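Trainee: Next up is a structure, given as structure tokens.
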Amino acid sequence: MSFLDRFRNQSTPDGGSGSADPGSTEDVATVATGYAQTASKLHAFNRYEIKYFVDEMKVPELRQELAARMDTDPYSPHGGYPVTSLYYDTPDLRFYWEKIEGLKFRRKLRLRLYGEPSDCTDDTPVQIEIKQRVNRVTQKRRIALPYGVAQRWLNGREEIECDPSQSPFVNEVTTLIGNLDLRPMVTTGYLREAFVGREADLGLRVTIDHKVHGRDRDFHFASGAENRFILPPKLAIVELKANERVPYWATDLTARLNMSVIRVSKYCQSVEAFGMAPRSRHGAPELVLPAGYDDRAPTDVFGTVTPVAS
């Protein structure tokens with residue numbers, strides 16, 4: 001039985017059959033558990049995203065305010081869940097420069113793991129994702145595959161089996177890799193807390209990303225290689241994501257906490273942190289690690305997050 005047949009015979013996290021609607025771009029059904037299920041609920045979608053940075057000292061107040069109006073993602077444990085992404089780019093960093101130059105249409109390819117990197121095996125479900133920007137709208141399309149299969153496809157250029165409904169996406173990724181000679185460039189990782197809107201704000205999602213770090217080599221998720229902070233660990237990245245509009249109370253909250261809108265890309269920060277490209281003029285000085293700072297991430301970077309006292 002092929003991996004695809006095996007996955008089809010398994011139930012989806014919400015108890016469904018695992019079958020995809022014809023013509024849709026959905027995750028291949030996998031048995032996700034715990035915080036890994038947060039990805040299984042997100043398929044192809046369009047939305048607006050606004051990014052901020054916030055001092056970790058203000059996170060408890062932000063968390064309290066969000067909890068009063070939103071629900072905690074049911075699959076997000078206290079303190080957050082690990083997210084690790086491997087980004088692909090051309091030898092001359094085409095996707096990086098498209099972001100820096102602010103092209104109205106741009107995209108990037110990444111391989112994403114939800115869960116502890118040290119636990120990743122060839123059978124672990126991962127997300128292969130194209131994230132693109134069209135004017136002000138962010139679009140994401142992705143499928144889930146076992147990590148070993150994803151590696152053979154993206155890195156080994158091997159053909160893979162897929163459901164007919166997945167063929168357009170799989171063909172697009174295969175064409176991008178072949179035509180642009182895409183290869184792994186850097187990783188990013190962080191601990192993510194997630195909140196989801198309720199009632200009138202059902203389309204709203206807010207995430208808080210802590211301890212943002214990365215590396216530029218030894219790309220196997222479970223390699224145990226050294227990571228480095230690519231943003232000062234005293235700062236968390238907050239993203240407001242909405243289908244149509246961000247509610248007034250959310251923008252008012254960011255103003256009260258002095259959270260400034262910032263144009264930051266974790267991928268670009270990682271590229272620049274490892275000297276692969278000069279630091280962007282568009283980056284905020286607050287996001288640059290001070291000279292002489294020991295940016296090596298501790299080995300327990302994905303350990304338990306201890307809330308900062310108010």
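Throughout, read-outs are computed from the coordinates displayed, never taken from laboratory work. What you see is a predicted model, and the numbers here were worked out from it, not measured in a lab. Note that each Cβ is placed from the backbone with ideal geometry, even for glycine, and that neighbours are counted across all protein chains shown.
Trainee: Residue separation times 0.36 nm, minus the C-alpha to C-alpha distance between E159 and D218: what's the value? Don't skip to the end; give the middle numbers.
Mentor: On the way: separation 59, 0.36 × 59 = 21.24 nm, distance 2.39 nm.
Here the segment from E159 to D218 would lengthen by 18.9 nm.
Trainee: In whole Å, how far is the Cα centre of the stretch 60-132 from that of the stretch 222-269?
Mentor: Rounded to whole Å, the Cα centres lie 12 Å apart.
Trainee: Rank the residues E161, E101 as a footprinting-exposure proxy: fewest other Cβ atoms within 10 Å of their Cβ go first. All intermediate terms of the calculation are to be shown ahead of the outcome.
Mentor: Details: E161 13, E101 10.
Ordered from fewest to most neighbouring Cβ atoms within 10 Å, E161, E101 come out as E101, E161.
Trainee: Grab the beta carbon distance between D181 and K58, set R0 = 41 Å, and tell me the FRET efficiency rounded to 0.05. Please list the in-between numbers first.
Mentor: Values: r = 43 Å, r/R0 = 1.05.
So, using R0 = 41 Å, E works out to roughly 0.40.
Trainee: Same structure, new question: Zone of R152 (label point 7 Å along Cα→Cβ, backbone N under 15 Å): which residues in the stretch 101-134?
Mentor: Within reach of a label on R152: 122-124.
Trainee: Given R₀ = 35 Å, what would the calculated FRET efficiency be for W97 paired with A68, taking r from the Cβ atoms and rounding to 0.05?
Mentor: Values: r = 42 Å, r/R0 = 1.19.
It comes out at approximately 0.25.
Trainee: If you don't mind, there's one more thing I want to ask. Can you find, among Q166, P117, T207, the residue sitting farthest towards the positive end of the charge dipole of the stretch 117-231, where Lys and Arg contribute +1 and Asp and Glu -1 at Cβ?
Mentor: Value: T207.
Trainee: Going by how many other beta carbons lie within 10 Å of each one, how would you line up R228, R217, R192, fewest first?
Mentor: Details: R228 16, R217 11, R192 21.
Neighbour counts put them in this order, fewest first: R217, R228, R192.
Trainee: Can you tell me the dipole magnitude for the stretch 76-185 around its Cα centre, using point charges on the Cβ only (Lys, Arg +1; Asp, Glu -1), in Debye to the nearest 20? Don't skip to the end; give the middle numbers.
Mentor: Numbers: 17 positive and 15 negative charges, 158 e Å.
Value, rounded to 20: 760 debye.
Trainee: Now, a different point. Taking the radius of gyration and the Kirkwood hydrodynamic radius from Cα positions alone, what is the Rg/Rh ratio for the stretch 30-276, to two decimal places?
Mentor: Details: Rg = 17.7 Å, Rh = 18.7 Å.
My calculation of the ratio gives 0.94.
Trainee: Mind putting a number on the dipole of the stretch 30-276 about its Cα centre? Charges go on the C-beta only, +1 for Lys and Arg and -1 for Asp and Glu, and I need it in Debye to the nearest 20. Walk me through the numbers on the way to the answer.
Mentor: Values: 36 positive and 33 negative charges, 157 e Å.
My answer is approximately 760 debye.
Trainee: Test of understanding: ordering W97, W153 by Cβ neighbours within 10 Å, fewest first, what list do you get? Walk me through the numbers before you get to the answer.
Mentor: On the way: W97 16, W153 20.
Listing W97, W153 from fewest to most nearby Cβ atoms yields W97, W153.
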